[in-house]
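The values are calculated or read from the model by the stated rules, or taken from the named source; none is laboratory data. Please read these numbers as outputs of a predicted model, since none were measured by experiment. Neighbour counts run over all protein chains shown; Cβ positions are idealised from the backbone, glycine included.
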Ligand code: XMP
């Protein structure tokens, strides 16, 4: 069946995944492709609409990313955003040049609510400033709202057939449309949340202008995927490395629903998991759990600790942990013999970031299962989540009946506690950090739940990632009448959206104090608790 879809042509801007994300929030399926994708390939995809993203270049520069005129002549609705808007004008005969005023940040924009793009957008406004270049259409811009601007160039003359349907004090063409040809251009960024009604604008485009029915939903994704997996796998055998993280767990759930015992999950417990985590994974996916599959748990902690003995350097630890994973998995895979498919929990941002989808290619190796395919005897890779964003993966997880704690769990690095113990990793240190981390998370969760019960919403300090780490520092303390010489635990809690930058989360002092008291009292080998309030940058979220 030809799935209704909108495609995003990526011109290298930083918000491109967001564009696709917002379109999917309108229940319209959307994929990102490089602007280098040729027209025949685009036509063959039969998109209901095309969105051109922003990008770092100037359209009039030699060699700047471009697209041929035919893209705009297929009769398929096209929406250009920022660079995409300028490109549309440039290619169709308008003029783009350096703007007299560079606009950046939250900006008041006046839109024309008669335009399909801005239907029901903004509040009626009586004071509408006109920018320097006066265009008669501005009088029709009757409604004000806030947008996010970020541009050096501007559209100084629109291509034939276009009218301006939005402007700001400094930008005469903040949006343009050629209704007859279904072409729309927006200078600002409707995809970022600072454009308060941006999602409504994108909704107007994909649902009203492109005419998408909006039937992209996670329950239908789960149902369709199960069918597709069954068709693809037939009677074949599938092997999956299950880490207990969200992605591999959802992949396991989905595959299990589709093919049951034809799926084998190998769960390597490297002894660097959080307290009780190995048992929790087993409780969900093991023989006593609700999922029909073959579950193999490998308790490999001794092997890992032996390999890590005496190693202090963080990257070396990461490498050893990664390589040992491959060794252990390879041994298990040999016992199973040839399989037809190796399943992986790759998700859409991994695909886009590895340069396969869009243009903003930050090559990121798949750190947790890096190199695995080279060591397993299989015919084909199967990646059931490769079209989903993280929050869609979570939704699919809930649809599949995975526990909420697992579906919404905070990120946990592949090398696990190995990179939360500064210096050499030993079984004794792992046990200390597991216990301290458990207490910290328990108290933060308890305080957050109490706040939520009282106020009906999560506290503003609720961290997106929080854990305890073990510093390599030992210091003198007193416990009762005795002198101690023990380790210092570091508490780290950050608020972040993308994990690329982060702020220290402002956990209430009384919570920290409870945590400190409990850790010192309950965890042997610790006599100090430190709180790390460094933001990222300059720090990283993990300590190693
Ligand atoms: P940093 O420490 O780089 O962390 O600020 C950003 C996010 O990435 C996670 N992280 C890792 N995840 N393998 C992983 O799978 C790693 O080696 C690794 N190092 C950091 C970290 O937990 C945070 O969410």
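For (1) out of contact with any helix residue (DSSP H, G or I) (no Cβ under 9 Å at 6 or more places or on another chain); (2) more than 30 Å from residue 394 (Cβ to Cβ); (3) modelled with pLDDT of 95 or more, each residue gets a yes or a no:
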residue	(1), (2), (3)
285	no, no, yes
289	no, no, yes
298	no, no, yes
309	yes, yes, yes
336	yes, no, no
349	no, no, no
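Restricting 529, 534, 496 to residues that are surrounded by 13 or more Cβ atoms within 10 Å (Cβ to Cβ), touching a residue at least 40 places away in the same chain (Cβ under 8 Å) and either within 30 Å of residue 17 (Cα to Cα) or out of contact with any helix residue (DSSP H, G or I) (no Cβ under 9 Å at 6 or more places or on another chain) (or both) narrows the list to 496.
Of the numbered conditions (1) more than 16 Å from the ligand (Cβ to nearest atom); (2) on the phi > 0 side of the Ramachandran plot, residue 454 fails exactly one; give the number of that condition. So residue 454 meets the others, but not (2). Here the condition is being surrounded by fewer than 20 Cβ atoms within 10 Å (Cβ to Cβ), assigned to a loop (DSSP other than H, G, I, E, B) and in contact (Cβ under 8 Å) with a residue 24 or more places away in the chain; of 106, 98, 43, 3, it holds for 3 alone.
If the condition is being within 16 Å of the ligand (Cβ to nearest atom) and touching a strand residue (DSSP E or B) at 6+ places or on another chain (Cβ under 7 Å), then segment 396-427 contributes 410, 411, 420, 421, 422. Checked against (1) assigned by TED's automatic domain parsing to the domain that holds residue 121; (2) surrounded by fewer than 24 Cβ atoms within 10 Å (Cβ to Cβ); (3) assigned to a helix (DSSP H, G or I), residue 201 passes all but a single condition, namely (2). Residue pairs whose Cβ atoms lie under 7 Å apart, separated by 6 or more positions or on different chains, with the first residue in segment 401-426 and free of Cβ contacts under 8 Å to residues at least 40 places away in the same chain and the second in a loop (DSSP other than H, G, I, E, B) and near the ligand (Cβ under 9 Å from one of its atoms), do not occur.
Inspection of segment 507-515 finds no residue satisfying the criterion of being within 25 Å of the chain's Cα centre (by Cα), assigned to a strand (DSSP E or B) and closer than 16 Å to residue 465 by Cα. When segment 215-232 is filtered for residues that are buried (at least 19 other Cβ atoms within 10 Å of the Cβ) and part of a loop (DSSP other than H, G, I, E, B), only 216 remains.
Within the span defined as segment 520-530, every residue fails to be modelled with pLDDT of 95 or more and within 16 Å of the ligand (Cβ to nearest atom). Do we have any residue at all in segment 368-377 that's within 16 Å of the ligand (Cβ to nearest atom), surrounded by 15 or more Cβ atoms within 10 Å (Cβ to Cβ), modelled with pLDDT of 80 or more and under 28 Å from residue 532 (Cβ atoms)? Within segment 368-377 (the criterion being within 16 Å of the ligand (Cβ to nearest atom), surrounded by 15 or more Cβ atoms within 10 Å (Cβ to Cβ), modelled with pLDDT of 80 or more and under 28 Å from residue 532 (Cβ atoms)), the answer is no, since none of the residues qualifies. Can you spot a residue in segment 448-462 that is exposed (fewer than 14 other Cβ atoms within 10 Å of the Cβ), within 21 Å of the chain's Cα centre (by Cα) and in a helix (DSSP H, G or I)? No - not one qualifying residue is present in segment 448-462. Annotation: residue 253 fulfils all but one of (1) in a loop (DSSP other than H, G, I, E, B); (2) within 26 Å of the chain's Cα centre (by Cα); the unmet one is (1).
The requirement of being in contact with a strand residue (DSSP E or B) (Cβ under 8 Å, 6 or more places away or on another chain) and within 16 Å of the ligand (Cβ to nearest atom) is not satisfied by residue 485. For segment 282-306, what are the residues that are away from the ligand (no atom under 16 Å from the Cβ) and part of a helix (DSSP H, G or I)? Once the filter is applied, which keeps residues that are away from the ligand (no atom under 16 Å from the Cβ) and part of a helix (DSSP H, G or I), segment 282-306 yields 282, 283, 284, 285, 301, 302, 303, 305, 306. Of all the numbered requirements in (1) modelled with pLDDT of 95 or more; (2) over 16 Å from residue 329 (Cβ atoms); (3) crowded, with 18+ Cβ neighbours inside 10 Å, residue 235 misses one, and that requirement is (3). Between 493, 469, 502, the distinction of being modelled with pLDDT under 95 and within 16 Å of the ligand (Cβ to nearest atom) belongs to 502 only.
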